[in-house]
Amino acid sequence: ISTGSPNVTVAIIGSGVDLDHPDLKDNRKEGYNAQDGKWETKGGNVSDISGLGTELAGLAAAIGNNGEGISGVGWNLSHRPIRSRNADAIRAATRAADAGDKVVLVGDASALQSQASAAQWRDVATYIKRKGGLLVMPAGDTHAKLDWGDRDKDDIIVVGAVRGEDGQLSDESAYGRTVDVVAPGVTLFTTKLNGTYGSVSGTAYSAALAAGLLGLIWSANANLTPDEAGGILKESCKDIGDKGVDDMFGHGMIHALRALQLATNRPMSSFTTTSTTTMVPVCPAGQFLDAASSIGRACSDCMPGTYAASMGSSGCAPCGEGSFSEAGANECASCTRFLMTPNLAQSGCLVAAEVSLIVLCVLFSALVYIFLSRISVVFEAKSGRDGGSALRSFKLIGRPFHIEDTRLQEVDESGKLCRRLLVELAEPHCLRASARGSYSVEISGTGHREMDKRRHFRGRVVNSRAQVLELLDESDRPIDQEWITSSGTVRLSAASMLVCHGRTPALVPLAFLVFLLAGFFVIVYPQTSPGFWYHHLGAAAVVVALPSAMCALTRRPSGRLALALAAYSKRLWESNPKPMPTARGADRAVKLCKILDFLKFFYPFIQNRNMYYVESNILSRLTARARLSYAEVVGASRAEWFVSHYWGMAVCETCDALEKHAKAFCQSGMNWRDTAYWICTLSNNQYKLKEEVGETWSESSFYLALRSGCLRGTCMVLDERALPLTRSWCLFEVLQTILLMGQPSTWVSDFATFEGLVLCSSSGVLNSDHANAGDDVALGIAQRLQTLSLQDAKASVPADKEMIDRLVVQEVGGLAQADAKLASSLSVALNLEEEATEEPAATTTSMRPSDAVVLTHSQARACGGVARPAAIANPATRPVIVAKDPDS
């Protein structure tokens, strides 16, 4: 009735098309590249990138009666290749409709798997119908039930897949009320890339058959409207499954003869048949007629190493010597790559025995090399002698060295005291001191701002066995900065790795071992062919050599701090296996017993170091797993005291001060170790600092803790130099405490007595009725009061200082007013400590003037009065002399 008309075009939206395929090239129309938005004549590339488009085009419109391969459903139809990604498919479909194509086939089998996507495609189908065409889409290969839309109310022709032999729904095909019709979709023979042919399965190919049939319908009757053509396609279907339209097969399986009879108003043929003749299939090239098939006489693929050159073969022939084939091949091929040969089964290519021999030699050499290098290092460590620089060099290649610790060392060089920065590594670095001087190194991940910012340094070997390098700047000058860290890595440059072991280049012994083993195998196995020894030996080499090499190159060293962190982290997670986030503010305090336990455990690493070191090297690594504050990880408590401290002070001094403070203010019947402190380092989540600081002061964790109403007061930790009085945050926290003391007591705190600001140091408490500190800190405060200035105070983050200065102006009226309020309050605090000190007994000890502390009247007044000089010093050991002359 019809084989299709060239005037009817089927647009194939997919991966493009094989431009030179003999069954497709002569009926192809100009293609379009939806990704670039270009027609073929404008530079759009429509060559097939995956093969799908070529396969769909062959089923719908492969040329017939040309002595080539196959025939499509409509072998005289025109087809238009449109190369598109899934994201561009809608634009591609509308462009095909604009070009006048009667049938638009979308090859993406996943396009209708969501309701949102189906809704978009329904709109596109309506647009195409208005242009005079129809949209055909596959149901999908998910075996899911599709209920998006209605088969007889939308404008999409959705096609499912059935098995050709028994008309049963394929195992992969989707179904449901969205599906209009079904078509064969299992083992369909079609065109493939590079002018070849092969079998395919899937609903996309069923849709291609339906698209070709629609093209035939329009070829038989060009006057049909889209609704009429679609109606003929559905009405002509063979009813399978439940009688009538059902959700498994829709209207049924498409039937080309009956559809064309309806389109041309001819009498329709009957679907019934009385024939019992068994159809014997004609197998394509690459397959043979298999009488032992489970479904009867059927076609099966040729096994690897065999081929069937023509259609209708009853068996497959073996490939000749030196060639191979994959399953389902219609010819054998030769291994074209250099030094490749067919494997024993002739199913593929592998590296020739000669190349395998070389690879084996390299692998075994690497294994011996690693073994000797390990033996050398152990020998050197035990005997104190050099085990051979060349044999140790393999350890260096591509491997970073982990930093165990850094320290600043003072050395006497030609009568001049110099400082130099030393880096201790967590494992032997295998480097030797050399006349070449220093090596280029790269340092990263230390957590120290300056070191990570610079990154590139020079390194000089100080002690090979002690694993110590001296760090230099890029001009080979010593670094005298106290950059303290126990984190990060040191990596040598590639050039340094080859020269840092003295005279013998690092790769010479490896090359020697390669040639030695290669010669050994050539002598022992001069006539060996592929098949036995090198397969087994190669497997052994890969199993043994590669893991050994990877272990040597990637094994992370276990330094002292790393082991301590792992042990303490295990303790934390056992005691608090599921740390939970806690609201910002006073509920994130830490009991003193937990702080002291932390200090005791890590004291060998902390010693006299400050909080900057502790946070970046210990706390950040303990909290990294949970990404919470340390208080939340260790188990948070409700705060009793707010702690104002400076990160630059020694952590041990801070903890000593808190211990003295807790003992002094411990309430009756309570354990001083259970006192809970809110400390910014421990209570703030360092992974969410922006949230902790807040957009405004009232949103910050500091404010929420201070104004929580549950605090007994603020504990300010000071040292002999009173350094916290030079920091913006510390002064601001003190100022906020002073302002808080002016509020009604019932609002300020739940406790009966709000202690306000309490000054303490490692020697004890300075003010209040519990004063028990020495005089050095009080003297340091007195000296700081002379230069106390919020304007000159510093902060680690410049933006924080700007915010603090702005808030001070808003709350107090100006920085000068704040300075006066701070100085006055601190003076009062010193005076309280003076009153709590007993009047010292008179002494007749003879002292020199140089032993006394001499203050002017203004200095004495700043210290809170001169009635009892014990506020400044102990008169028995170091009296205070106040000059009578104000100018002296």
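The values are calculated or read from the model by the stated rules, or taken from the named source; none is laboratory data. Because the structure is predicted, anything quoted here is derived from the model rather than measured. Note: ideal-geometry Cβ built from the backbone for every residue, glycine included; neighbour counts use all protein chains shown. The area values use the complete protein model at the heavy-atom level, side chains included, leaving out ligands, DNA and RNA. Shrake-Rupley method; radii C 1.70, N 1.55, O 1.52, S 1.80 Å.
Below 15 angstrom from the Cβ of Gly67, what's the summed charge of the other residues (Lys, Arg +1; Asp, Glu -1)?
-2
Quickly rank 58-64, 634-640 as a protection proxy: mean count of other C-beta atoms within 10 Å, highest first.
Result, highest mean Cβ count within 10 Å first: 58-64, 634-640.
State the Cα centre-to-centre distance between region 165-205 and region 655-715 in whole Å.
70 Å
How would you rank 4-13, 686-695, 234-243, 723-732, highest first, on the average number of other Cβ atoms within 10 Å across their residues?
4-13, 723-732, 234-243, 686-695
Packing-wise, with mean Cβ within 10 Å as the measure, how do 660-670, 177-187, 84-94 rank, highest first?
Highest to lowest by the protection proxy: 177-187, 84-94, 660-670.
Using a 1.4 Å probe on the protein chains only, how many percent of the accessible area of region 669-747 belongs to carbon and sulfur?
Within region 669-747, the accessible surface is 52 percent carbon and sulfur.
If each residue of separation counts as 0.36 nm, what is the full-extension length gain between Val809 and Lys153 once their alpha-carbon separation is subtracted?
229.0 nm
Normalise the Cα radius of gyration of region 1-150 by 2.2 N^0.38 Å (N = residues in it) and let me know the number.
Relative to the 2.2 N^0.38 Å estimate, region 1-150 comes out at 1.01.
Of Lys578/Lys688; Lys102/Lys145; Lys38/Lys129; Lys131/Lys192; Lys663/Lys688; Lys591/Lys660, which ones are farther than 22 Å apart at the Cα?
As for pairs spanning more than 22 Å Cα to Cα, those are Lys102/Lys145; Lys38/Lys129; Lys131/Lys192; Lys663/Lys688.
Please report the antiparallel percentage of DSSP beta bridges with both residues in region 1-127, rounded to the nearest 5.
10 percent
If you average the alpha carbon positions of region 568-624 and of region 45-85, how far apart do those two centres end up, in angstrom?
Measuring centre to centre over Cα atoms gives 68 Å.
Please report, in whole Å³, the volume per residue of the convex hull around the C-alpha atoms of region 549-666.
That works out to 122 Å³ per residue.
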